[in-house]
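Engineer: The following block contains the structure, expressed as structure tokens.
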Amino acid sequence: MEEIKVIASDELLMEQLSNRDWDKFWLRLMGRCAWILRKRYEVKWANDELKTFSRDAISEVINQIFIKRSRKWNIDHYQDFEDFIIGAIDSHINNTLKKSKKEISVDDENLLSAENQEFDHSIEQIIIGKELKNQLYKLLEEANATDDELLIFECLCDGIEKPEDIRSTIGLNEDEFHNAWRRFKRKRNTIKQKLAANGY
């Protein structure tokens, strides 16, 4: 009898995206990649190359899971989402290194422009590609978002995440920013539901 795979629904994937502490999980995934590369494949890359390769591998797997939907979460095989994504990254690293058949060089343009920005970008900014960003912007406009709310969204996409940094960037006083931020968060919850319904 052919095995029947139980694939996670879009709603379950969106829950993982929305409810997980991605900053901590991102650090864990970076550490996992470094361990695999050094212990299993015995690479001799410099730290910058190791981190860049790991960051690219994690970003690609996340893109495959949440955007392209080419990697499916088989719940029967991986009941825990963290086990699934770590397994997917393991597989991606293995396939990438086998395909290259040599140590992968890292282009200077892929390195971060500032060392202290290494982990500043949350996972949500990493997976928001141009297509999804445009879709989110359109949904915000349809939800009658104000200019201030759209500016908040642009800041988040640019990696400006701390509320005080966003407020100073868009030039609002505390009361104006508080009201705009509260409205934006309400619209964000509605938009997440619309994205899930449309296959994002």
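Computed from the coordinates by the stated procedures, all read-outs in this text should not be read as laboratory data. Since the model is a prediction, treat every value here as computed from it, not as a measurement. Here the Cβ positions follow ideal geometry from the backbone for every residue, glycine too, while neighbour counts run over all protein chains shown.
Engineer: Neighbouring Cβ atoms within 10 Å as the yardstick, rank 45, 35 fewest first.
Structural biologist: 35, 45
Engineer: Now, a different point. How long are the semi-axes of the equivalent ellipsoid of region 24-98, defined as square roots of 5 times the Cα gyration tensor eigenvalues? Whole Å, largest first.
Structural biologist: After diagonalising the Cα gyration tensor, the semi-axes are 22, 12, 12 Å.
Engineer: Which order do 80, 10 fall in if you start with the one that has the fewest other Cβ atoms within 10 Å? Kindly include the intermediate steps, with their values, before the conclusion.
Structural biologist: On the way: 80 9, 10 15.
Placing the least packed residue first, the sequence is 80, 10.
Engineer: Okay, moving on. Once you order the gyration tensor axes a ≥ b ≥ c over the Cα atoms, which shape class does region 128-197 get: rounded for a/c under 1.5, otherwise prolate or oblate by comparing a/b with b/c?
Structural biologist: Values: a/c = 2.17, a/b = 1.52, b/c = 1.43.
Cα axes put region 128-197 in the prolate bin.
Engineer: Still on this structure, I have one more. Report the FRET efficiency, 1/(1 + (r/R0)^6), for residue 75 and residue 24, where r is their Cβ-Cβ distance and R0 is 30 Å, rounded to 0.05. Present the calculation step by step, with values, prior to reporting the outcome.
Structural biologist: Values: r = 23 Å, r/R0 = 0.77.
Step by step, r from the Cβ atoms, then E = 0.80.
Engineer: Further question on the same structure: Using 0.36 nm times the number of residues separating residue 15 and residue 90, minus their current alpha carbon distance, what extension gain do you get?
Structural biologist: Values: separation 75, 0.36 × 75 = 27.00 nm, distance 2.31 nm.
The residue 15-residue 90 span can extend by a further 24.7 nm.
Engineer: With respect to the cross-link table entries 24/185; 24/99; 72/162; 24/98; 138/185, which display a Cα-Cα separation exceeding 24 Å?
Structural biologist: Values: 24/185 22 Å; 24/99 30 Å; 72/162 33 Å; 24/98 29 Å; 138/185 16 Å.
Violating the 24 Å Cα-Cα cut-off are 24/99; 72/162; 24/98.
Engineer: Scan region 1-47 for GluC sites (Glu not before Pro) in coil per DSSP, keeping those whose Cβ has at most 13 other Cβ atoms within 10 Å, and list them by number. Mind dumping the intermediate values first?
Structural biologist: Working: sites: 2, 3, 11, 15, 42; in loops: 2, 3, 42.
Passing both the DSSP loop test and the Cβ count: 2, 3, 42.
Engineer: What shape does region 1-47 have by the C-alpha gyration tensor, where a ≥ b ≥ c are the square roots of the eigenvalues, rounded means a/c under 1.5, and otherwise prolate means a/b greater than b/c and oblate the rest?
Structural biologist: On the way: a/c = 5.16, a/b = 1.53, b/c = 3.37.
Oblate shape, in that a/c is at least 1.5 and b/c is the bigger or equal ratio.
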